[in-house]
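Below is one structure; the comments refer to it alone.
The values are calculated or read from the model by the stated rules, or taken from the named source; none is laboratory data. Since the structure is predicted, the reported quantities are computational estimates derived from the model, not experimental observations. Backbone-built Cβ (ideal geometry, glycine too); neighbour counts: all protein chains shown. Each accessible area value is taken on the protein alone, full model and side chains, heavy atoms only, with ligands, DNA and RNA left out. Shrake-Rupley method; radii C 1.70, N 1.55, O 1.52, S 1.80 Å.
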Amino acid sequence: MLQKPKAIFLDMDGTILNHQNQVSLKTKEIIDDLRKEGFFVFIATGRSFDEITSVVPEGFEVDGYVTSNGMAGYIGKEPIFQHTLPLELVETIIEKAREHKVYYELFPYGASRMTLNQDKEYVMHEIREPKPESVGINEWLSRKEAIKGKIAWKDTIEGSEFSKFYFFARTKEHINQWKQVLEELRKEVDFTASTSSGHNVEVMVANVNKATGIKQMLEKFNLSAEETMGIGDSDNDIQMLQFVSMPVAMQNAPDHIKEIAAEITELTCDEDGVCHFLTSRFK
């Protein structure tokens, strides 16, 4: 077991983010301390780069960001790699989402996420109150925030470079049906699909995931996979946990994620589990 990694990759939702979608000041402080001691600390998230600022404390800094499940990497605000979904695929997927009335957000690089106006009625209907019992409060709050001001409602698709699609359904039956539609589409054109809860699925470029993004980030810093730790909690963290030398699962992770981890945090994301784990291990 790797005792002291050079690089630590941290998931956000369900890991350093609590279920109110906030990173604690304590977590920021342990990250600051570790970086001062010579550790490299990175974010590896399904969120787009533009989704990060609003959920971290003032002055939050890491060495780099792997965003949109490996689709892009940033040092500071500077992109160091980006993959993009083809426009033709984007148009096809939106048509199919409309046909199946699936809530979607399309994430262009350098602009607000978008949803087309003609789909607004059924998209809004998916996030009507009350919150379904099986939907996590963090995901529900994120959707409410998106509708209130994060989504740019457009008449037509704008832009030519896109980091990902995010899809949501208020029932697991609906999102599972949509996953089957995507699987059929993948027989015609390849892409990657990833989930972080039982109510969502995200679409990225084929053969792109957190592990491929981490590999690109490590190359930029001249670091090796043998020197890495990763902490995560959900299905979109699986490739990351399989790639790093020291895979750590959150206490709040489901059993199948814990099974592929070498260690499990004692505390959950709502109890500053990452801060507690890093402090106990390295301080």
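Quick notes on this structure:
- Extension gain (nm, one decimal) between R35 and E184, 0.36 nm per residue minus Cα-Cα: 49.1 nm
- Sorting the segments 172-179, 22-29 by their mean number of nearby beta carbons within 10 angstrom, highest to lowest, gives 22-29, 172-179.
- Across the cross-link table entries K101/K148; K26/K150; K36/K283; K26/K258; K210/K258, which are compared at the Cα atoms, the separations over 22 Å belong to K26/K150; K26/K258.
- Label-point separation, S54 to F81 (7 Å along Cα→Cβ), nm: 2.9 nm
- Three-way shape call for the stretch 48-201 based on the alpha-carbon gyration tensor, with the a/c threshold at 1.5: oblate
- Taking the empirical scaling 2.2 N^0.38 Å for compact globular proteins as reference, the chain has a Cα radius of gyration ratio of 0.97.
- Helix runs (DSSP H) in the chain reaching 27 Å along axis by Cα, Kyte-Doolittle at least -1.0: none
- From most to least packed by mean Cβ count within 10 Å, the peptides 49-55, 234-240 give 234-240, 49-55.
- If the segment from E133 to K6 were pulled out straight at 0.36 nm per residue, it would be longer than the present Cα-Cα gap by 41.6 nm.
- Placing unit charges on the Cβ atoms of the charged side chains and taking the dipole of the stretch 60-161 about its Cα centre, the candidate lying farthest along the positive direction among P130, A97, S112 is P130.
- Shape call, the stretch 216-283: gyration tensor on alpha carbons, a/c limit 1.5: oblate
- Burial ranking of peptide ranges 276-283, 198-205, 40-47 (average Cβ count within 10 Å, highest at the top): 40-47, 198-205, 276-283
- This model, with +1 at the C-beta of Lys and Arg and -1 at the C-beta of Asp and Glu, gives the chain a dipole about its Cα centre of some 200 debye.
- Note on M124/T171: beta-carbon distance plugged into 1/(1 + (r/R0)^6) with R0 of 22 Å gives a FRET efficiency of 0.85.
- Nitroxide proxy distance, nm - points 7 Å out along Cα→Cβ at E91 and S224: 4.8 nm
- Heavy-atom accessible area per residue - the stretch 186-237, 1.4 Å, Å²: 39 Å²
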